[in-house]
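Participant: Before we start, here is the structure in question, set down as structure tokens.
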Amino acid sequence: MTGSPSSAGVSTALFTDRYELTMTAAALADGTAHRRCVFEVFARRLPDGRRYGVVAGVGRLLESIERFRFGSEELAGLEGVVDAGTLDWLADYRFSGDIDGYPEGELYFPGSPVLTVSGTFADAVLLETLSLSILNHDSAVASAAARMV
């Protein structure tokens, strides 16, 4: 276990990447971190010969967002990556936005918004890598399974 896990389990805060963290730091520095925004997750295209995909990973993503907390170990690992002010902000970070999207098992097509994150710029940026990783992997597996059936 790392950091200070919540009652929901081990922290998922480091399932993001340096780019998202440094973008958050820059947004905190220039005052845009708290600007309201909307981010959408969608597939630009599908692999050749495929007409649809199957949404999967929604439950796993929501559970991972609940555990997206920066405990002492996570913060120590980020020293030198972001400034002290950003580390302080991350120590208190809790997702405060809204998430809407297709239900598990729903079909999706290119360009359709599978998931919409509404919140602050910092909320949306920090969750981008986590969201894409889980939904891309789980939806690829579910889509392959649907083709096999």
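Participant: Hey, can you tell me all the residues within segment 78-94 that are loosely packed, with under 12 Cβ neighbours inside 10 Å and under 19 Å from the mean Cα position of the chain (by Cα)?
Facilitator: Across segment 78-94, the qualifying residues are D92, R94.
Participant: Let me ask something else about it. Scan segment 121-137 and tell me whether some residue there is over 11 Å from G57 (Cα atoms), modelled with pLDDT of 95 or more and not in a helix (DSSP H, G or I).
Facilitator: no
Participant: I need every pair where a residue in segment 91-108 that is without any contact (Cβ under 8 Å) to a residue 60 or more places away in the chain has its Cβ under 6 Å from the Cβ of a residue that is open to solvent by 50 Å² or more (accessible area, probe 1.4 Å) and part of a loop (DSSP other than H, G, I, E, B), sequence separation at least 6 or different chains.
Facilitator: Matching pairs, first to second residue: L107/Y52.
Participant: Within the bounds of segment 29-44, is there any residue that is open to solvent by less than 80 Å² (accessible area, probe 1.4 Å), small (G, A, S), at pLDDT 95 or above and under 21 Å from L130 (Cβ atoms)? Please lay out each step first, then the result.
Facilitator: Going through segment 29-44, the residues open to solvent by less than 80 Å² (accessible area, probe 1.4 Å) turn out to be 31-33, 37, 39, 41, 43.
Then drop every residue that is not small (G, A, S), which leaves 31, 33, 43.
Filter once more, so that each one left must be at pLDDT 95 or above: 31, 33.
Still in the running and under 21 Å from L130 (Cβ atoms): 33.
Yes, that holds for at least one residue.
Table: residues versus (1) farther than 20 Å from D138 by Cα; (2) charged (D, E, K, R).
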site	(1), (2)
E20	yes, yes
L28	yes, no
E40	no, yes
G49	no, no
A56	no, no
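Participant: Next up: Looking only at segment 105-119, which residues are touching a strand residue (DSSP E or B) at 6+ places or on another chain (Cβ under 9 Å), within 17 Å of S131 (Cβ to Cβ) and either small (G, A, S) or in a loop (DSSP other than H, G, I, E, B) (or both)?
Facilitator: In the first step, residues of segment 105-119 are kept if they are touching a strand residue (DSSP E or B) at 6+ places or on another chain (Cβ under 9 Å); the result is 105-110, 113-119.
Keeping just the survivors that are within 17 Å of S131 (Cβ to Cβ) gives 106, 108, 113-119.
Scanning segment 105-119 gives E106, P113, V114, S118, G119.
Participant: Return yes or no: is L61 surrounded by 18 or more Cβ atoms within 10 Å (Cβ to Cβ) and under 21 Å from W89 (Cα atoms)?
Facilitator: Working: surrounded by 18 or more Cβ atoms within 10 Å (Cβ to Cβ): yes; under 21 Å from W89 (Cα atoms): no.
For L61, the condition - surrounded by 18 or more Cβ atoms within 10 Å (Cβ to Cβ) and under 21 Å from W89 (Cα atoms) - is not met.
Participant: Same structure, new question: Does segment 45-72 hold any residues that are under 20 Å from T129 (Cβ atoms) and either of a type in the set (A, V, I, L, M, F, W, C) or over 20 Å from the mean Cα position of the chain (by Cα) (or both), and which are they?
Facilitator: Correct list: V55, A56, V58, L61, L62, I65, F68, F70.
The values are calculated or read from the model by the stated rules, or taken from the named source; none is laboratory data. All values reported here derive from a predicted model rather than from experimental measurement. Positions of Cβ are generated from backbone atoms using ideal geometry, with glycine treated the same way; all protein chains shown enter the neighbour counts. Heads up: the accessible areas ignore ligands, DNA and RNA and are worked out on the full protein's heavy atoms, side chains in. Shrake-Rupley method; radii C 1.70, N 1.55, O 1.52, S 1.80 Å.
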